[in-house]
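Let me begin by presenting the structure, written as structure tokens, before commenting on it.
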Amino acid sequence: MIWWLLPVFAACAPVGTDPSLIPNLRLAQVQVDPPEAMPGEDVDITAEWMHPRGAAPSVDLLSWACAWDGETCTRPEVLELVPPVVLRDVPPTVDWRVTVPLEARDLLDDAGTPVGLFSFTLVCEQGLCPILDDIEDGVGWELLARPEDVVRAVPLEGTSMASRVMVLSLRDPEARRLNPDFEAVIPAEGPAGGTVAVRVEGAVSAVAYGYTSAGSVEPWAEQLGPDPFTFTLHLPDTPGPVDVLFVLEDMLGGSRSVRQTIQVR
Amino acid sequence: MPAPDPQETEVVEVVETSDTSGQVRTAPANVLSGIPGSRDDVLLGLQNLPGVTRAPLGLGALVLRGMPPEQSAYRIFGLRVPSLLHFAGLSSVLPGGFIGEVAVFPSNAPVNYGDGLGGQVDLQLAPAPTSSTGRVHFDVLQTGAEGHVRLGPNDVLSAGIRRSWVDAVLTPLWASDGGVIRAPRYYDGQVRWRRDAPGGGTVDALFMISDDGYTLLGAEGTGALASAYQRTFGAGLVRWRHRLGDDWIHQLAAAVVPLYETADLRGGDVASQWRVRGELRDDYAWNAGGDLQVDLGWQAEAEWVDQAFDVRGFGPAEEGSGTALQGAGYAMVHAWTGPVTLQAGARGAASHVVGHDTLWTIDPRVLVEVRLSDVVRLSASSGRASSFPGVRARNTDADGVEGLVPGWVWQNQLGLRVRPGYGLQVELTGYVNPMGNLLVGRQERFRFFQTFPPVGELDTGPYASEGTGLSAGGELWVRYEDDLWTAWLSVTGGRSLRTTRLDEDVPFDLEQPFALSAWAARALPRGWRLGMRVRAGMGLPMTPVVGRYQQLESRQFVPVFGDRNSERLPWSYGLDLRIDKRWVWSRTELLLYLDVQNLTWAQPLEWPLYNLDYSEIIGIRGLPLLPVLGIEGVFR
């Protein structure tokens, strides 16, 4: 029963454990809008990647959809219906649109029971992920059916991958889930070594998370209630821009984010 | 095999053959407790024997010749108990005054031992004192008292109690901004009655209880429970040993051992188990002539198990109970002819899970020893040991399956022992132990792990007897003792590999291909004694994290593992020091000691704990410098 001590040692190890600080290239947010769609409908996907304070790398992106059981994509036809997307040299906030094909109706049973799909998105510093070249060339798609193997095929450093749940259904638009409402008031500037307050207001029972490219956000996560909540952003000691992102998650796949560059003076 | 009893010299003679090269390793309690870095604890000293792998964090679980700790059996005068160590290996469950000698069979135990594929650790209680004795012990980690009272010429009543201080010492150190941690707390109590019957024979009864607890609270001031663990077990052990006529020795022993273990993780995930075990042993030794001895015996066991596990991340909730009945019988012949000693026997055992299946095994074992001279002995032994799958795996009313078979290991050993004199003894041992029918499957399920849960890709399929393995290596044990010096050198080298449904020939999770322990202690004038120990060991295998992705809904990172146990933790090194002084008066004895563990403050990486996004190994590191100051008083 030695492993009961794990939390003990984890609690004693502050190094690298601030979840609000972005220590390396990180895909911090993928929003699917709407989070629940029907065949034939357009879906807007927005990805937000962050990196530690300093010169931004050139980043490429790969995104694909998958009916995933935790190990493999159980419905290979999804990849055919919603082909993977490769985008080159993308900015920190990038969006694209996919259309759910009408043939996706075949993924649902006769009763039209909603089906959960996963959207996987991989960002890579340029040149680190040859798999993107393969996908563009129309080869190597079978690897996408095993998302963990995609992770194994790329280096640990300079890459970041995330999964997002999206729902395919036939429900009426008014019955479908939407992304939560969210407002975050982030100041445009702040003092070096000082703090600024970030006021957040949004859907009750959703969780707000704060990320920063330098300094820290306290607390990192907070379950929102009916009243606004104020995060404290601890700014770094040196002047310059700091990239700040606040994300609201309803835990069901719905999300929304607010991003701001703060000038530290 | 019972160890020699100083009060029964005739028994010593009968069982002497067990002391063959490399088969059993024995050490008296006072030597083990005095090993530097062992914190004056007898059983922690066992980790200095060859063939014993140092468990992660040095926390005491015994890994014998590359076998998991749960496959080794821990016994008190031959009767099985759940453990001989408190939680996290902080201390043994019996105080030093109750322990006489510890015998360790890393493998190739005689046929009167069964249960498990690993080794056997058999603890013999201390001989009865010649006069009433009291003992108090106090150190930084624990305090205890024991008394041994002579109730006439034939009876001795002993009682002891201990309570740890470690929680009071460590809790303030471990308290952090993020939480309040209560260090492990343990206590134990013992009552022993020994009667030497006037007509010969001995009755020895031991009743003991051990209780361990550990709590981790959440944010300071909230009092919210983050995790908690408790293990309580008791043992009632009775042994009657006597002569039957001139040529027979009979030993009847019985045990009742209840165990309760519970864990509350994250303030809501609960796991608990009850195990109540009863055992009856009936052993006979027949001296059939000057050069022949026959040992016979049978055992009966019953164990009731009730388990309920509902822990997130460890598969679906699981609940079940069942009873296993086990019977075994053995026969063994010892023959001496000239310089050759032969020990051959077989053990048959059957296991029945009530309402389910019945399994059986036959394990033959043989040992030959040749005295090449007064100085040199050569021995070879080969034998099979078996392990029945537990109730959980065989209970088809819960999650078990039919058709499982006992796991086996074929243990082969060559030993050379040289006693050139001058207090020097050298033992060299080689072993090759292939294994088969090992239980695999349901790796994701919760169980009360003795070390760490497995990581990497797990075999989540139904239980099956499809694993194989091989453990092979060599050991060197050099001992020297004279009036001033005591010194040991233990070197172990070996591999322990497993093949399962997922992996082929991967290192066992606790495989340590090389380990060295060297210690020496010297008596100094005026009752002083100074000792030092050097340890070095190759790191345990680890399954690397080769990537990760983030589940955005929960913001949790999910690690993606590489090949199982394809990398290894760094080597560990350590230097320990012990200095003690003993004062002896007519009726009182006082021992003051300082045991400094990890003098060089080396804190090797013991377990690859990662940071939140798996981009960096934070690691669990070994204990820092740990000085333990203790005092012990003996009053007669």
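Nothing in this text is a laboratory measurement; each read-out follows from the coordinates by a stated rule. Because the structure is a prediction, the values reported are computed rather than measured. Note: ideal-geometry Cβ built from the backbone for every residue, glycine included; neighbour counts use all protein chains shown.
At a glance:
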| quantity | calculated |
| --- | --- |
| Chain A: relative contact order as a whole-number percent, Cα under 8 Å and 6+ apart | 21 percent |
| Sparsely packed trypsin sites (Lys or Arg not before Pro) within segment B:535-635, loop by DSSP, other Cβ within 10 Å at most 14 | B:587 |
| In nm, spacing of pseudo-spin labels at residue A:252 and residue B:582 (7 Å Cα→C-beta vector) | 7.4 nm |
| Farthest toward positive dipole pole in chain A [+1 Lys/Arg, -1 Asp/Glu at C-beta], among A:261, A:124, A:91 | A:261 |
| Cβ-placed point charges (K, R +1; D, E -1), dipole of segment B:244-302 about Cα centre in debye, nearest 20 | 380 debye |
| Segment A:20-175: translational diffusion in µm²/s, Stokes-Einstein, Kirkwood Rh over Cα pairs, 37 °C, 0.692 mPa s | 203 µm²/s |
| Nearest-20 debye value, segment A:20-175 charge dipole, Cβ charges on Lys, Arg, Asp, Glu | 580 debye |
| Summed residue charge, Cβ within 11 Å of residue B:413's Cβ, Lys/Arg positive, Asp/Glu negative | +1 |
| Selected from B:461, B:480, B:422, residue furthest toward positive end of dipole (segment B:420-486; charges at beta carbon) | B:461 |
| Histogram of C-alpha separations across segment B:487-636, 10 Å bin width, % | 10, 25, 25, 18, 13, 7, 2, 0 |
| Relative contact order of chain B, defined on C-alpha pairs under 8 angstrom at six or more residues apart (%) | 11 percent |
| Proximal charge balance of residue A:132 [Cβ under 9 Å; K/R count +1, D/E count -1] | -3 |
| Net charge contributed by nearby residues that have their C-beta within less than 14 Å of residue B:629 (K/R +1, D/E -1) | -2 |
| Length released on extending from residue B:282 to residue B:376, taking residue separation times 0.36 nm less the Cα-Cα span | 30.3 nm |
| Theoretical ellipticity at 222 nm over the protein assembly as shown - DSSP helices of four or more residues, -39500 (n - 2.57) apiece, nearest 500 | -1500 deg cm²/dmol |
| Mean projected area in nm² (Cα convex hull; one quarter of hull surface) for chain B | 28.1 nm² |
| Zero-based 10 Å bins, Cα pair distances in the protein assembly as shown, whole percents | 2, 11, 18, 21, 18, 12, 9, 6, 3, 0 |
| Where trypsin sites (Lys or Arg not before Pro) fall in DSSP loop in segment B:267-362, at most 15 other Cβ within 10 Å | B:312 |
| Top positive-direction residue, dipole computed over chain B with Cβ charges, set B:201, B:320, B:376 | B:376 |
| Label point distance in nm, residue A:175-residue B:495, each placed 7 Å from Cα along Cα→Cβ | 6.2 nm |
| Segment A:182-264: C-alpha pair distances exceeding 15 Å, % | 50 percent |
| From phi via Karplus (6.51, -1.76, 1.60), per-residue ³J(HN,Hα) for segment A:153-168 in Hz, x at Gly/Pro | 7, 10, x, 5, 8, x, 9, 7, 10, 9, 10, 9, 7, 9, 10, 9 |
| Mean projection area, nm², convex hull over Cα of chain A | 16.5 nm² |
| Cα-centre dipole for chain B with unit charges at Cβ (Lys and Arg positive, Asp and Glu negative), debye to 20 | 1320 debye |
| Amide H within-cut-off set for residue B:543, under 5 Å, with H built and near neighbours excluded | B:565 |
| Computed FRET value (nearest 0.05) for residue B:594 with residue B:571, which takes r as the C-beta separation and R₀ as 25 Å | 0.40 |
| Rotationally averaged projected area of segment B:444-533 (alpha carbon convex hull; nm²) | 8.9 nm² |
| In segment B:417-459, GluC sites (Glu not before Pro) in a DSSP loop with at most 15 other beta-carbon atoms within 10 Å | B:444 |
